[in-house]
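*Asks:* First, the structure itself, so that you have it in front of you.
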Amino acid sequence: MKRDSFGSRFGALVAMAGSAVGLGNLWRFPYLVGENGGAAFIIVYIAMSFLICLPIFISEFVIGRRSQKNAYAAFRDLSGGSAWRWVGLMTVIVPLIVLSYYSVIGGWSIDYMLKSFSFSFTGESSRSTFSTMFTDFVSSPWSSLAAHTAFLLATTLIVVVGIKDGIERFSKVMMPILFFIVLGIAVYSLTLPGAGSGVDYLFRPDFSKIDAKAFAAALGQAFFSLSLGFGTIMTYASYVSKKENIMTQSVATAVSDLMFAMIAGVAIMPAVFAFGLDPQSGPGLVFETLPYVFGQMPAGGFVAILFFVALLVAALTSSISMLEVAVAFLVEERNMSRKAACFVLFAVCWVIGALCALSFGPLSDVQIAGRSIFDFFDNLSSNILMTLGSLLTVLFVGWRLKKTDIYDEFTNGGSISANAKMFGVLWFLIRYVAPVAIIAVFVSGLIG
Ligand code: PFF
């Protein structure tokens, strides 16, 4: 049977950008910037994104497109059947863990989107009402399980349709809508009286906050935001035509991801400051502070609808990419039909996600390695396994694969001269800079 593939350059690009742009951009990036020195952090983040993460992104792209296989088979076949296949297997399993807890947060966005439809935030004058609303929701087993189920089901229903007709079509329609919504909210947010202090918070550089921890936070965020180390980019790349230019596609994805993060910062922070609030980190910002802000601002009921629709869309275009990694594996390595693979994976992620969802309620006392179930899975996958996956990926490309093969894939057989000229620099970044930087930043983040 012919392997499915993306139907167009734009389709491939929006699907990759869709994977990259997600909850990480809309809520994690803005508060990390605020906490870690504003523009100073942004400078570190941009440097990390382009010097370390872009070479890793390209490495994943090369692995996927060269092999035209799922992540496990890509590592196996490109290494001539060696033990590297276990790294491939790891990159198939990790996104499933992320998907499981991501789906819990995706479920919260569905619930809040529905709340916004009935203008539930308007007219509530006390900030604490929103904390109670959120705590009541997440701690109630039925509502959070229902929301998680709905989100995971939506993800599965898009993926089951396939690459071109499911993932690509959804991303092509939704990504432009997402972009205009976030941009529109950003412009509106800037017009609010008092917005200036939010802009200040985001962009005033404070270099005194740049320490080892800030570097670690920037790198971790850049990995997560670009979906690196999870097998996702590799899998999507395996559906990209051999005619496409890996460099331009990768740079375009990284730039869109960065742009979305910055615009999200401008959409959120000025509005928060305009109402005299402090941005909190974590779920509190999006699910408590923002609803309060929407309740206060002129036409906030509509802004809330747009915001939660955007949050849901951003989460979905990312979650489908996580699911596809394992679907491709089961279809190609276990001869399952796409439907059966989706069904099995839905069941697996539903169970892990349900445990995560319940860890805010009935299972809140259960601790694994000193953390709640949700935090345990989040930390394990997004901090440890993601970093390990990215490190092993660059080592694989830089030290295991043949340089001539990488050159061949990156330059489309030598035909893209701009890429040929850049190859020396890229090779140096992949072979030396990226691995050393990942280890250094990871270790110093642990110590510092
Ligand atoms: N990049 C996504 C975000 O910023 O929310 C998260 C993500 C997507 C992580 C896909 C991992 C992944 F495989």
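The values are calculated or read from the model by the stated rules, or taken from the named source; none is laboratory data. These numbers were taken from a predicted model, which means no experiment stands behind them. Note: ideal-geometry Cβ built from the backbone for every residue, glycine included; neighbour counts use all protein chains shown.
*Asks:* Assuming Leu202 fulfils every condition listed in (1) assigned to a helix (DSSP H, G or I); (2) within 16 Å of the ligand (Cβ to nearest atom) apart from one, which condition is it?
*Replies:* (2)
*Asks:* Shifting gears a bit: Across segment 378-437, what is the number of residues that are free of Cβ contacts under 8 Å to residues at least 12 places away in the same chain and either in contact with a Cys (Cβ under 7 Å, 6 or more places away or on another chain) or not in a helix (DSSP H, G or I) (or both)?
*Replies:* Total meeting the criteria: 4.
*Asks:* State yes or no: is Leu13 within 16 Å of the ligand (Cβ to nearest atom) and either part of a loop (DSSP other than H, G, I, E, B) or surrounded by fewer than 24 Cβ atoms within 10 Å (Cβ to Cβ) (or both)?
*Replies:* In short, yes.
*Asks:* With (1) surrounded by 18 or more Cβ atoms within 10 Å (Cβ to Cβ); (2) part of a loop (DSSP other than H, G, I, E, B) as the list, and Met336 as the residue in question, which single condition is left unmet?
*Replies:* The single condition Met336 does not satisfy is (1).
*Asks:* Here's another thing I want to ask about it. Looking at (1) farther than 30 Å from Gly282 by Cα; (2) touching a Gly at 6+ places or on another chain (Cβ under 7 Å); (3) modelled with pLDDT under 95, can you tell me which one Tyr72 breaks?
*Replies:* For Tyr72, the exception is condition (3).
*Asks:* Which one of these is closer than 24 Å to Ile416 by Cβ, touching a helix residue (DSSP H, G or I) at 6+ places or on another chain (Cβ under 8 Å) and of a type outside the set (A, V, I, L, M, F, W, C): Lys242, Lys209?
*Replies:* Working: Lys209 fails: closer than 24 Å to Ile416 by Cβ.
Result of the check over Lys242, Lys209: Lys242.
*Asks:* Filter segment 220-272 for residues that are in a loop (DSSP other than H, G, I, E, B) and among the aliphatic types (A, V, I, L, M); which is farthest from the ligand (Cβ to nearest atom)?
*Replies:* Of everything passing the filter in segment 220-272, Val240 is farthest from the ligand (Cβ to nearest atom).
*Asks:* Mind checking which residues of segment 88-111 are more than 24 Å from Phe61 (Cα to Cα) and β-branched (Val, Ile, Thr)?
*Replies:* Once the filter is applied, which keeps residues that are more than 24 Å from Phe61 (Cα to Cα) and β-branched (Val, Ile, Thr), segment 88-111 yields Val104, Ile105, Ile110.
*Asks:* Right, here's the next one. In segment 382-418, which residues are surrounded by 15 or more Cβ atoms within 10 Å (Cβ to Cβ), over 27 Å from the mean Cα position of the chain (by Cα), polar (S, T, N, Q) and at negative phi?
*Replies:* Thr411
*Asks:* Select from segment 349-361 the residues that are surrounded by fewer than 24 Cβ atoms within 10 Å (Cβ to Cβ) and within 16 Å of the ligand (Cβ to nearest atom) and list them in ascending order.
*Replies:* Step one: filter segment 349-361 for residues surrounded by fewer than 24 Cβ atoms within 10 Å (Cβ to Cβ), giving 350-352, 354-355, 358, 360-361.
Ile352, the sole residue that qualifies.
*Asks:* Does Ala341 satisfy the condition of being within 16 Å of the ligand (Cβ to nearest atom) and closer than 18 Å to Leu89 by Cα?
*Replies:* Judged against the criteria, Ala341 is not a match.
*Asks:* Okay, next question. Looking at Lys403 and the list (1) modelled with pLDDT of 95 or more; (2) within 25 Å of Val21 (Cβ to Cβ), which single condition is not satisfied?
*Replies:* For Lys403, the exception is condition (2).
Yes/no per residue for (1) in contact with a Lys or Arg (Cβ under 6 Å, 6 or more places away or on another chain); (2) over 15 Å from Pro435 (Cα atoms); (3) modelled with pLDDT under 90:
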{"position": "Gly361", "(1), (2), (3)": "no, yes, no"}
{"position": "Ser381", "(1), (2), (3)": "no, yes, yes"}
{"position": "Leu391", "(1), (2), (3)": "no, no, no"}
{"position": "Val397", "(1), (2), (3)": "no, no, no"}
{"position": "Tyr407", "(1), (2), (3)": "no, yes, no"}
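*Asks:* All but one of (1) β-branched (Val, Ile, Thr); (2) more than 18 Å from Ile352 (Cβ to Cβ); (3) surrounded by 17 or more Cβ atoms within 10 Å (Cβ to Cβ) hold for Ile373; state the number of the condition that does not hold.
*Replies:* Of everything listed in (1) β-branched (Val, Ile, Thr); (2) more than 18 Å from Ile352 (Cβ to Cβ); (3) surrounded by 17 or more Cβ atoms within 10 Å (Cβ to Cβ), Ile373 misses just condition (2).
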